1. Using Cβ contacts closer than 10 Å as the measure, can you line up LEU353, LEU212, LEU289 from fewest to most?
2. Pick out the long, greasy-scoring helices in the chain: whole DSSP H runs spanning 18 Å or more along their own axis by Cα, mean Kyte-Doolittle at least 0.0.
3. Can you give me the relative contact order of the chain as a percent, contacts being Cα pairs under 8 Å and 6 or more apart?
4. Okay, helix-only estimate at 222 nm for the chain: each DSSP H run of n ≥ 4 adds -39500 (n - 2.57), divide by all residues, round to 500 deg cm²/dmol; what do you get?
5. Order by neighbour count: LEU376, LEU156, LEU13, fewest other Cβ atoms within 10 Å first, most last.
6. What does the highest-first list of 145-154, 361-370 look like by mean Cβ count within 10 Å?
7. Based only on other Cβ atoms within 10 Å, what is the fewest-to-most ordering of MET17, MET297?
8. Could you tell me what percent of the DSSP beta bridges with both partners in the chain are antiparallel, to the nearest 5?
Amino acid sequence: MEQTESGAAPPTLGVGMVGYAFMGAAHSQGWRTAGRVFDLPLRPVLAAVAGRDATAVRAAAHRHGWAAAETDWRALIARDDVQLVDVCTPGDSHAEIAVAALEAGKHVLCEKPLANSVAEAETMAAAAEAAAARGQISMVGFNYRRVPALAYARRLVTDGRLGTLRHVRVSYLQDWLVDPTFPLTWRLEREHAGSGALGDLGAHAVDLAQYLTGELLVGVSALTETFVRERPLLPGAAPGGLSGLSGRDGLDGLDGLDGLDGGAVSEAYGQVTVDDAALFTGRLASGALASFEATRMAAGRKNALRLEINGERGSLAFDLERLNELSFHDHTEPAVSAGFRRILVTEPDHPYLEGWWPPGHGLGYEHTFAHQARDLVHAVASGVAPAPSFADGLQVQRVLAAVEDSARNNAVYTRVPVPVAVPAPVPVPDSVRDSASDSAPDSVPR
Ligand SMILES: NC(=O)c1ccc[n+]([C@@H]2O[C@H](COP(=O)([O-])OP(=O)(O)OC[C@H]3O[C@@H](n4cnc5c(N)ncnc54)[C@H](O)[C@@H]3O)[C@@H](O)[C@H]2O)c1
């Protein structure tokens, strides 16, 4: 058991988690590990996990180290030993669970994207704001902010090492939908997922672009496409509706597909109602230009989240498939010797590295969840709101909605409503201003 400097065990923070498949496993790992690696002011206790199938949720509790299992998330929220609720379910249940938890006085961590619509995200952000006034903490699970190389990239930008920013380009490429016989899981249904590659991968890309630059996107121009419009139904699913199978307990794995090998999919087909790929350009508030690509159809690319930022004084580049490395070019150096150099982000002075291994002994995907748990525990203990907040998650949702609006309107430039405190957008050329005003919202929300 961890001890404070005085030798006493720190007070506990009881965590209750809803959903226990892919993200549930990753978050469990984070909660189990954070207090063993970092000195934390509170000791996370894995109090209870909730699912819907009693046998499956008990097995998950045993496997991932949770003390108790519940078959109703409302019962989990009501438990006295749960002070923080961790929402690891598909987007269609984020708003209901997170708002109920906040209203019950609990701190909340909610997976990304925050919600399936701007309206839901607004409700959640308002609930989080009201809860913050009561001392409660909320955060969205944009875990890639907690890759040490990306946290260090943010430090380079804020230290002015890139100077005035000109370009941000982010692509997030996966390939698990290339096979047209891949079945219709919840991630392919708008009703459950909100959108496709856009909300799944593009949400991370947008959050990172805004986090790393410290700026908001103020407008976008987008194309989306669904290449495979019908896919085999999962066993037991009725054509035209999969509600009963959304992330069904016992069928959950990385893609909700464990146990479906060997021709277990149905011969009946259902409609894919989300995008397979989304491409969009955007403007940041300062006038810098951004470009994004999100797809689950890039054969050979498994989890290739790549980004590059160019500024007046330098550039940086990153690839999640080599996540211990950051490429940095200092453009103020003499041209004869300047060039991109590889920074191995494993030094004790790099973000999050103080608790881990000696330099060069790299970290991986799972460690981002320990970093997320660490930061959240500190926020709960200090009462200082962590980032990304639900308001940040809402802002990402507004970008996703603008992307979909733009794509529906032949890629017309579409403004993103931004909070009033953000500097006014740079002027847009007359050629696009008229069409933009058609889709611009009447008023700018909070
Ligand atoms: N941060 C990341 O890197 C990352 C990666 C993958 C997924 N996600 C996000 O995490 C969330 C979950 O995705 P996943 O990949 O873990 O999905 P998954 O299908 O693997 O797991 C979903 C879990 O939620 C449970 N569930 C669904 N509806 C429920 C309900 N009403 N009540 C109780 N349990 C319910 C399912 O039984 C299952 O355990 C999504 O919002 C997704 O976008 C984030």
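What follows draws every value from the coordinates through simple rules; no lab data is involved. If you're wondering where the values come from, they're calculated on a predicted model, not measured in any experiment. Neighbour counts are summed over all protein chains in view; Cβ atoms, including those assigned to glycine, are modelled from backbone coordinates with ideal geometry.
1. On the way: LEU353 19, LEU212 24, LEU289 14.
The order, fewest Cβ neighbours first, is LEU289, LEU353, LEU212.
2. 118-132, 390-408
3. Values: 985 pairs, mean separation 89.5, N = 446.
Relative contact order for the chain comes out at 20 percent.
4. Details: 11 runs with 129 residues, N = 446.
That calculation yields -9000 deg cm²/dmol at 222 nm.
5. Values: LEU376 27, LEU156 19, LEU13 23.
Fewest-to-most ranking of LEU376, LEU156, LEU13: LEU156, LEU13, LEU376.
6. Sorting 145-154, 361-370 by mean packing, highest first, produces 145-154, 361-370.
7. Working: MET17 30, MET297 18.
Least crowded to most crowded, the residues run MET297, MET17.
8. Taking every DSSP beta bridge with both residues in the chain, the antiparallel ones total about 60 percent.
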